[in-house]
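Since the structure comes first, as structure tokens, the remarks are kept for the end.
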């Protein structure tokens with residue numbers, strides 16, 4: 001199966017509609033946590049809203065796993081020892097449409113998981129089995145040196161906060177809004 005996405009690059013004015021369409025058509029894929037991609041995205045965005053996060057971080061929370069949605073890799077890639085680099089794929093795809101304040105936390109959210117495993121005692125112990133499995137193929141916990149370097153990255157704090165919201169988006173019984181309900185917010189953060 002091809003690892004390259006077949007998703008096209010729409011004009012800027014059409015990106016929000018394209019995102020909504022992609023979630024509608026591909027968002028029912030399971031996430032590996034007993035929730036679908038759409039449920040996970042909506043719950044992660046809801047966690048950011050509940051925390052009164054700035055709007056750019058709510059948009060990043062909603063879109064943080066869009067790299068999975070646009071991917072042609074199977075849902076269980078990590079179980080086959082494949083790092084799908086969804087954070088890079090998603091951030092690269094979104095970079096033509098959204099500012100760095102939205103895109104870079106998305107790019108950093110996997111590294112933030114690796115970072116938190118070193119920086120925060122007990123973080124690893126609280127990861128779900130699926131997160132532990134993906135962590136192993138994503139490089140495992142950072143070294144102390146990698147963690148110190150990561151702290152100097154622009155958007156580091158938002159990347160770590162996004163990771164915390166990500167961990168809250170895994171409840172199969174949670175009720176959430178629709179991706180469509182985020183249309184205006186996404187549109188407000190698209191590049192002119």
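In table form, for the structure just shown:
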quantity: Qualifying residue in region 158-172 (condition: in contact with a helix residue (DSSP H, G or I) (Cβ under 7 Å, 6 or more places away or on another chain), outside any loop (DSSP other than H, G, I, E, B) and more than 21 Å from residue 52 (Cα to Cα)); calculated: no
quantity: Number of the condition not met by residue 73 [criteria: (1) at pLDDT below 95; (2) over 17 Å from the mean Cα position of the chain (by Cα)]; calculated: (2)
quantity: Selection count, region 173-191, where residues are in contact with a helix residue (DSSP H, G or I) (Cβ under 8 Å, 6 or more places away or on another chain) and free of Cβ contacts under 8 Å to residues at least 24 places away in the same chain; calculated: 0
quantity: Selection from region 93-125 of residues that are farther than 30 Å from residue 185 by Cα and in contact (Cβ under 8 Å) with a residue 24 or more places away in the chain; calculated: 117, 118, 119
quantity: Residue ID - modelled with the lowest pLDDT, chosen from residues in region 172-192 that are buried (at least 16 other Cβ atoms within 10 Å of the Cβ) and closer than 27 Å to residue 33 by Cβ; calculated: 176
quantity: Residues being at positive phi and at pLDDT 95 or above - total across region 29-65; calculated: 1
quantity: Checklist (1) touching a helix residue (DSSP H, G or I) at 6+ places or on another chain (Cβ under 6 Å); (2) at positive phi applied to residue 122, failing item; calculated: (1)
quantity: Qualifying residues in region 7-28 (those that are exposed (fewer than 15 other Cβ atoms within 10 Å of the Cβ) and outside any helix (DSSP H, G or I)) - the one modelled with the highest pLDDT; calculated: 28
quantity: Region 114-126: number of residues that are outside any helix (DSSP H, G or I) and either within 14 Å of the chain's Cα centre (by Cα) or crowded, with 17+ Cβ neighbours inside 10 Å (or both); calculated: 1
quantity: Filter result for the condition that a residue is touching a helix residue (DSSP H, G or I) at 6+ places or on another chain (Cβ under 9 Å), assigned to a loop (DSSP other than H, G, I, E, B) and in contact (Cβ under 8 Å) with a residue 12 or more places away in the chain, over 139, 90; calculated: 139
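The values are calculated or read from the model by the stated rules, or taken from the named source; none is laboratory data. Just so you know, these numbers come straight off a predicted model, no measurement behind them. Cβ coordinates were reconstructed from backbone atoms using ideal geometry, including for glycine residues, and neighbour counts include every protein chain displayed.
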